[in-house]
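I have placed the structure first, in the form of structure tokens, so that the comments after it can refer back to it.
The values are calculated or read from the model by the stated rules, or taken from the named source; none is laboratory data. These numbers come from a predicted model, not from an experiment. No Cβ is skipped: glycine too gets one built from the backbone with ideal geometry, and neighbour counts run over all protein chains shown. All accessible areas refer to the heavy atoms of the entire protein, side chains included, with ligands and DNA or RNA removed. Shrake-Rupley method; radii C 1.70, N 1.55, O 1.52, S 1.80 Å.
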Amino acid sequence: EAGVAQSPRYKIIEKRQSVAFWCNPISGHATLYWYQQILGQGPKLLIQFQNNGVVDDSQLPKDRFSAERLKGVDSTLKIQPAKLEDSAVYLCASSLTGHGTDTQYFGPGTRLTVL
Amino acid sequence: GESVGLHLPTLSVQEGDNSIINCAYSNSASDYFIWYKQESGKGPQFIIDIRSNMDKRQGQRVTVLLNKTVKHLSLQIAATQPGDSAVYFCAENLTGRRALTFGSGTRLQVQP
């Protein structure tokens, strides 16, 4: 079974530029998550989708971050404009149903550096 | 343990020894706990989980202990191997939410 795919793996941009990340979850998984992981810290949830609907975006900085999952499969996360403090690894995860005890499977992440 | 910015607490053990990694959680409403392993350049990988109605669960070479009285979780790794070197995170699920809340992580270094 293929895992969660993410691209690009690395991205370097200057502050105030825009950037987008892509995620392809495990086939058949209804729930998709985007996490932000700052160096030395645990992942922090940004947004959770159930199929193509948003379940939780309470920690998403909506003035600059946006995410979509239009067809309930792939998802993109965008930052516009980027700030220095956005430098982090952005992890995508998926789970089969999204129930609390469902295992979340993580992709390799995209490492973003904002200069 | 608690981490501050870049300074993850580190546990250094000899190959073949047993390792114990600890985690404190703050929310007594949490009812599901998971340990993840994260190797450099990779996403977190599920190791083992435990529900709040249990106090111990065993897997292959790993055991998770849950003490709800003091809100403490531990991961025991038997016969630690070099491939166990990674950062280990505990995560909890809060009742009413479906997303995980991660702790700050502990780096395990296995000396050959």
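For the residues A:Gln6, A:Gln17, the requirement of being modelled with pLDDT of 95 or more, in contact with a strand residue (DSSP E or B) (Cβ under 9 Å, 6 or more places away or on another chain) and facing chain B (nearest Cβ under 9 Å) singles out A:Gln6.
Evaluated against (1) within 13 Å of chain B (Cβ to nearest Cβ); (2) at pLDDT 95 or above; (3) open to solvent by 10 Å² or more (accessible area, probe 1.4 Å), A:Thr103 falls short on exactly one condition, (2).
Of the residues screened, B:Ser26 is one that is of a type in the set (S, T, N, Q) and either out of contact with any strand residue (DSSP E or B) (no Cβ under 8 Å at 6 or more places or on another chain) or within 10 Å of chain A (Cβ to nearest Cβ) (or both). Among residues that are without any contact (Cβ under 8 Å) to a residue 40 or more places away in the chain, surrounded by fewer than 21 Cβ atoms within 10 Å (Cβ to Cβ) and more than 13 Å from chain B (Cβ to nearest Cβ), A:Leu60 is not included. Considering region A:66-82, the residues that are open to solvent by 10 Å² or more (accessible area, probe 1.4 Å) and modelled with pLDDT of 95 or more include one that is farthest from the chain's Cα centre (by Cα), namely A:Pro81.
This table checks each residue for (1) facing another protein chain (nearest Cβ under 9 Å); (2) in a helix (DSSP H, G or I); (3) touching a helix residue (DSSP H, G or I) at 6+ places or on another chain (Cβ under 8 Å); (4) surrounded by 14 or more Cβ atoms within 10 Å (Cβ to Cβ).
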{"residue": "B:Phe33", "(1), (2), (3), (4)": "no, no, no, yes"}
{"residue": "B:Gly41", "(1), (2), (3), (4)": "yes, no, no, no"}
{"residue": "B:Phe46", "(1), (2), (3), (4)": "yes, no, no, yes"}
{"residue": "B:Asn53", "(1), (2), (3), (4)": "no, no, no, no"}
{"residue": "B:Gly83", "(1), (2), (3), (4)": "no, yes, no, no"}
{"residue": "B:Tyr88", "(1), (2), (3), (4)": "no, no, no, yes"}
{"residue": "B:Asn93", "(1), (2), (3), (4)": "yes, no, no, yes"}
{"residue": "B:Thr101", "(1), (2), (3), (4)": "yes, no, no, yes"}
{"residue": "B:Ser104", "(1), (2), (3), (4)": "yes, no, no, yes"}
